[in-house]
Amino acid sequence: MSATPDTNAAQDTDAAQGTDAALGTNAAQNTGATPGPGAAQDPTAPAPRGVIVTGGGTGIGRAVARAFADRGDRVLVVGRTPATLTLTAEGHPGIDVLTADLTDPDTPRAITDAALDAFGRIDVLVNNAASGGFAALAETKREAARDQLDTNLLAPLLLTRQTLDALAADGGGTVLNIGSAGALYRRAWPENGIYGAAKAGLDFLTRTWAVELAPRGIRVLGLAPGVIDTGIGERSGMTPEAYAGFLRHMATVVPAGRVGRPEDIAWWAVQLTDPRAAYATGAVLAVDGGLSLT
């Protein structure tokens, strides 16, 4: 893994890669009871929304899904690995899970239908799932390049297109694209070009969609994480010692004096999609502890 400000590059590959994802009538499942109509309600609590989070099985996606659920929203988390999705939903009865491969052309409709079946509305779409990998141009394989481009750029485009009508209902919703601080600031990172190019393209879509979709009441925003401790180092083959050493080194480089946590991104995800932020659209916010300023 290279020391780049977007080491969450492959943070949620379980949500996007592989061909064994199942989409069936039992694919979406709620892991807890929903309060009944007679349950006590807090009159000061925000109205619950319908939220979709892709790549919700690990890392940033898991933290984002739980943050929305803690707010009182109903959340559909999408990922490739049932076991990790179950862990995300554990202790959060407002979270439903859907096992799906985001590169499958049938998945956008399946996700949209599952969300509408589960909670009847879609107010927020978080395009978080990512696929990454490090390879110099001369060693780049077509299949690996296609997977990164399909997952990081094409999948968010197709899912957002599929959810447009639902997002536009009830006054309009919000699309939040999770990008990369390195891509946002156009930093060149050897062996990480495809991922960076895809995420830079996602930033451009964020700004373009913000203008296109404003007449429909839909806001589009982006978050650009820096170095986030998602555990991806060990899942990518680094030894625990090597990954810990990498994090210690990056903590000395980041002006904030530490690497980020998934919860740092999740907090901003909730804030930016809050209805009270209705005048903000088209912005991409770097959450990187100031690393992109150095």
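When the chain is fully extended, how far beyond the present Cα-Cα distance does residue 135 get from residue 251, taking 0.36 nm per residue of separation?
Going from the current span to full extension adds 39.3 nm.
Would the stretch 83-132 count as rounded, prolate or oblate if I go by the C-alpha gyration tensor, calling it rounded below 1.5 in a/c and otherwise prolate when a/b exceeds b/c, oblate otherwise?
Oblate is the answer for the stretch 83-132, as a/c is 1.5 or above yet b/c matches or exceeds a/b.
Quick check: pseudo-label points 7 Å beyond the Cα along Cα→Cβ at residue 197 and residue 274, how many nm apart are they?
3.9 nm
Taking only the alpha carbons of the stretch 167-227, what extent do you get along each of the three principal axes, in Å, biggest first?
45, 20, 15
Per residue and in Å³, how big is the convex hull formed by the alpha-carbon atoms of the stretch 147-294?
Enclosed volume per residue, from the Cα hull, is 120 Å³.
Taking the stretch 214-294 as the region of interest, what is the percent of Cα-Cα pairs per 10 angstrom bin, listed from the shortest bin to the one with the maximum distance?
17, 38, 27, 14, 4, 0
Please compute the modelled spin-label separation between residue 83 and residue 208, points set 7 Å along Cα→Cβ, answer in nm with one decimal.
Here the modelled spin labels are 4.0 nm apart.
Per the Debye formula with a single identical scatterer at each Cα and no solvent contribution, what log10 I(q)/I(0) holds for the stretch 53-116 at q = 0.12, 0.22, 0.23 Å⁻¹?
-0.25, -0.81, -0.87
Bear in mind these aren't lab numbers, they're just calculated from the coordinates by the rules spelled out. What you see is a predicted model, and the numbers here were worked out from it, not measured in a lab. A quick note on method: Cβ atoms are made from the backbone with ideal geometry, for glycine too, and the neighbour counts reach across all protein chains shown.
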